[in-house]
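First up is the structure itself, then whatever we jot down about it.
The values are calculated or read from the model by the stated rules, or taken from the named source; none is laboratory data. Everything quoted here is computed from the prediction, not taken from an experiment. Here the Cβ positions follow ideal geometry from the backbone for every residue, glycine too, while neighbour counts run over all protein chains shown.
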Amino acid sequence: MTDWDPNDPDAVKVHYDVSGWSLDQRAELSAALADAELAHVWDDDELVVPEEVEADVDALFDRLEELLGPFALPLDPDDAGVEYGLDEWPTADRRTLAQALIEGAIPHRWDRSTVIVATDREAEVDTLLDAVEQGTVVLASGEPGGGPPDGALDTMFSAGDRLARDPDDRTGGDELRELVPQLDRKLPPYGIDVPTWASAVEAAQELLALVDNGDATPSDVIGASQQLRSVVRPFV
């Protein structure tokens, strides 16, 4: 890791505003920076790095954008914004709104269950709130509500368990064929962080590919089934 003193007044520093990122996304960013041994410090909602690693950090952001993004656009610091208190909204509706704001490139930030949006986008957000409440919002994933079908984790575990016991189990294969096309690794169910959910979706996709591959050996299917089962076991 670069020998860098962030308090050195002569050091040239690069700032990244991640105020729109969730806690899970920031945790993933911190872990990725540590794994890559890139010097950095946090200053409230900003990531600060030395100029000499800017290109490496930019590349890391691109990789995380592909895995976790798109990310929320931060509010202009000079914009007080418009607040919407959503304490009484179901968690699923708040999650739908959060994704819709990101997909709509609407600058915003969350303070618990209150969302503050850019002042010049207020009318657009009013319309969006009505649409979420009416259940008419369809996100880029193609799924109303933006998340996996109800019971997705149970189905993933059940299919993995069946195929781990019998790699020719027809019910397990059929469950995966129906479920996997409906999964988006960027849109987890409530209570699961994006990286963990992405691992589960990838495990399900790999298992289905083996099940439908006539050349796959029973041991290949069993191994992939056990992997899927182990990933989702803590959540069922």
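For this structure, a couple of remarks:
- Exactly one residue among V41, V12, V82 is of a type in the set (V, I, T) and in contact (Cβ under 8 Å) with a residue 40 or more places away in the chain, and that residue is V82.
- Checking L68, L97 one by one, the residue that is touching a helix residue (DSSP H, G or I) at 6+ places or on another chain (Cβ under 6 Å), at pLDDT 85 or above and crowded, with 18+ Cβ neighbours inside 10 Å is L97 and no other.
- Within the stretch 182-198, the set of residues being part of a helix (DSSP H, G or I) and crowded, with 17+ Cβ neighbours inside 10 Å comprises V194, P195, W197, A198.
- Spans of strands (runs of 3 or more DSSP E) in the stretch 50-142 with at least 1 residues of a type in the set (K, R): 108-111
- Taken residue by residue, the stretch 109-121 has at least one member that is among the charged types (D, E, K, R) and over 19 Å from the mean Cα position of the chain (by Cα).
- Checking E54, E46 one by one, the residue that is in the same structural domain as D17 (by TED's automatic domain parsing), closer than 17 Å to D17 by Cβ and modelled with pLDDT of 90 or more is E54 and no other.
For (1) under 22 Å from the mean Cα position of the chain (by Cα); (2) of a type in the set (V, I, T); (3) closer than 17 Å to E202 by Cα; (4) modelled with pLDDT under 95, each residue gets a yes or a no:
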{"site": "G146", "(1), (2), (3), (4)": "yes, no, no, yes"}
{"site": "A152", "(1), (2), (3), (4)": "yes, no, yes, yes"}
{"site": "P167", "(1), (2), (3), (4)": "no, no, no, yes"}
{"site": "R170", "(1), (2), (3), (4)": "no, no, no, yes"}
{"site": "P181", "(1), (2), (3), (4)": "yes, no, yes, yes"}
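- Conditions (1) farther than 24 Å from A198 by Cβ; (2) free of Cβ contacts under 8 Å to residues at least 60 places away in the same chain; number of the one not met by P107: (2)
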